[in-house]
Amino acid sequence: MNRIENLFNKKKQTILSVFYTAGFPQLRSTIEVATALEKAGADMLEIGIPYSDPLADGQVIQHSSSIALNNGMSLPVLFEQLQDFRKQCQLPALLMGYYNPVMQFGLEKFCAACESAGIDGIILPDLPLDEAEMYQPLFKKHNLHCVLLITPQTHDARIRKIDDISSGFIYMVSSSATTGKSAGFSRQQLDYFQKVKSMQLKNPVLTGFGIHDATTFNDACKFSNGAIVGSHFIRLLEKMNVGEAAEKLMNNLEIKIQTER
């Protein structure tokens with residue numbers, strides 16, 4: 001088992017995974033943010049690989065990616081930063097980004113670098129499903145979970161296929177909009193969550209997009225194993241230092257640190 005499996009075996013509900021952009025707000029912030037989130041009580045990290053054309057991301061994450069790229073962040077720089085990652089942070093961690101820069105870097109080289117750095121999984125939202133299936137032996141070779149996404153538009157047969165291919169967990173996107181929307185969930189979204197829950201998928205499910213306060217976090221957790229916060233945390237990083245942002249996030253979600261960890 002890697003750290004993702006251990007997490008879901010230990011904690012079945014109210015899991016908080018936090019997305020942030022590598023190299024933001026400063027080039028050398030990547031590990032500092034990780035350790036601050038671990039101290040504050042987050043359960044898992046999704047470290048974003050900045051990309052110049054992030055189609056699925058809203059303005060907040062796009063802006064953080066632009067700053068990170070201007071700071072000099074790249075995949076080689078990120079893997080250099082992650083060399084001593086596991087000496088400082090023990091949370092499960094995934095790298096999340098677009099397929100193009102990974103393909104340019106070399107997928108097998110990328111997977112090997114992830115394993116060397118102690119990364120537990122990858123999320124490539126635009127990785128075609130047939131390629132995700134084809135590369136499963138490569139991901140398993142490097143002890144990486146390849147997490148796939150579903151949306152309200154994903155039909156049931158495809159959800160079953162994704163569940164069959166995925167490992168680690170399934171990322172349930174709450175809407176077809178870009179990231180960063182701040183309204184609560186609609187009745188239609190809640191019905192979608194309920195439908196997915198009723199399918200009794202073999203993989204755990206985390207809900208992402210639109211999680212920004214205690215209400216949206218708790219609503220997401222009613223229908224899945226937990227939630228993913230991204231844009232809201234990046235907004236906090238824009239306003240305050242890293243430690244304060246991590247603590248403010250937990251306060252906003254009304255999550256208390258689990259003392260047993």
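The values are calculated or read from the model by the stated rules, or taken from the named source; none is laboratory data. Being a predicted model, the structure only gives us computed values, none of them experimental. Ideal geometry is used to build each Cβ from the backbone, glycine not excepted, and the neighbour counts take in all protein chains shown. Accessible surface is based on the protein model in full, side chains and every heavy atom, while ligands, DNA and RNA are left aside. Shrake-Rupley method; radii C 1.70, N 1.55, O 1.52, S 1.80 Å.
Return yes when N100 is in contact with a helix residue (DSSP H, G or I) (Cβ under 8 Å, 6 or more places away or on another chain) and of a type in the set (S, T, N, Q) and no when it is not.
no
Write out, first by first residue and then by second, each pair whose Cβ atoms fall under 9 Å of each other, whose residues are 6+ apart or on separate chains, and whose first residue, in the stretch 149-165, is assigned to a helix (DSSP H, G or I) while the second is open to solvent by 80 Å² or more (accessible area, probe 1.4 Å).
K161/E133; D163/K202; D164/E133; D164/K202; I165/E133
Against the condition of a type outside the set (G, A, S) and within 17 Å of the chain's Cα centre (by Cα), how does Q13 come out, does it pass?
yes
Kindly indicate whether any position in the stretch 51-74 is without any contact (Cβ under 8 Å) to a residue 12 or more places away in the chain, surrounded by fewer than 16 Cβ atoms within 10 Å (Cβ to Cβ) and more than 28 Å from I165 (Cα to Cα).
yes
Quick one: which of K239, K248 is basic (K, R), out of contact with any Phe, Trp or Tyr (no Cβ under 7 Å at 6 or more places or on another chain), surrounded by fewer than 13 Cβ atoms within 10 Å (Cβ to Cβ) and farther than 21 Å from I49 by Cβ? Give the derivation first.
Details: K248 fails: surrounded by fewer than 13 Cβ atoms within 10 Å (Cβ to Cβ).
Going through K239, K248 in turn, the sole match is K239.
So if I check each of F209, F193, which one is under 16 Å from the mean Cα position of the chain (by Cα) and among the aromatic types (F, W, Y)?
Residue meeting the stated conditions: F209.
Out of the stretch 85-98, which residues are part of a helix (DSSP H, G or I) and crowded, with 16+ Cβ neighbours inside 10 Å?
Hit for the stretch 85-98 is F85, nothing else.
Taking the condition of being in contact with a strand residue (DSSP E or B) (Cβ under 6 Å, 6 or more places away or on another chain) and part of a helix (DSSP H, G or I), how many residues in the stretch 8-41 meet it?
3
If K39 passes every condition in (1) crowded, with 17+ Cβ neighbours inside 10 Å; (2) farther than 16 Å from L124 by Cα; (3) charged (D, E, K, R); (4) in contact with a Gly (Cβ under 8 Å, 6 or more places away or on another chain) but one, which one does it miss?
Only one criterion is unmet by K39, namely (1).
Check L206 against each of (1) assigned to a helix (DSSP H, G or I); (2) open to solvent by less than 10 Å² (accessible area, probe 1.4 Å) and name the one condition it does not meet.
All conditions pass for L206, except number (1).
Check the stretch 209-222 and report whether any residue there is open to solvent by less than 60 Å² (accessible area, probe 1.4 Å), under 26 Å from S66 (Cβ atoms), in contact (Cβ under 8 Å) with a residue 60 or more places away in the chain and in a helix (DSSP H, G or I).
no
Which one is least open to solvent (accessible area, probe 1.4 Å) among residues in the stretch 154-187 that are of a type outside the set (A, V, I, L, M, F, W, C), modelled with pLDDT under 95 and farther than 25 Å from F8 by Cβ? Spell out how you get there, then give the answer.
Initially, the stretch 154-187 is screened for residues of a type outside the set (A, V, I, L, M, F, W, C), giving 154-156, 158, 160-161, 163-164, 166-168, 171, 174-176, 178-182, 184, 186-187.
With modelled with pLDDT under 95 added as a condition, the list becomes 166-167, 174-176, 178-182, 184, 186-187.
Next cut, farther than 25 Å from F8 by Cβ only: 176, 178, 180-182, 184, 186-187.
Numbers: S176: 92, T178: 51, G180: 21, K181: 118, S182: 80, G184: 52, S186: 49, R187: 152 Å².
Filtering the stretch 154-187 for residues that are of a type outside the set (A, V, I, L, M, F, W, C), modelled with pLDDT under 95 and farther than 25 Å from F8 by Cβ, the one least open to solvent (accessible area, probe 1.4 Å) comes out as G180.
Between L127, L82, which is surrounded by 16 or more Cβ atoms within 10 Å (Cβ to Cβ) and outside any helix (DSSP H, G or I)? Steps first, answer last, please.
Working: L82 fails: outside any helix (DSSP H, G or I).
Step by step, each of L127, L82 is checked, and only L127 is surrounded by 16 or more Cβ atoms within 10 Å (Cβ to Cβ) and outside any helix (DSSP H, G or I).
Take the residues in the stretch 130-153 that are within 30 Å of R86 (Cβ to Cβ) and aliphatic (A, V, I, L, M); name whichever of them is most open to solvent (accessible area, probe 1.4 Å).
M134
Go through the stretch 5-30 and give me each residue that's open to solvent by 20 Å² or more (accessible area, probe 1.4 Å), free of Cβ contacts under 8 Å to residues at least 60 places away in the same chain and in contact with a helix residue (DSSP H, G or I) (Cβ under 8 Å, 6 or more places away or on another chain).
Matches in the stretch 5-30: Q26, L27, R28.
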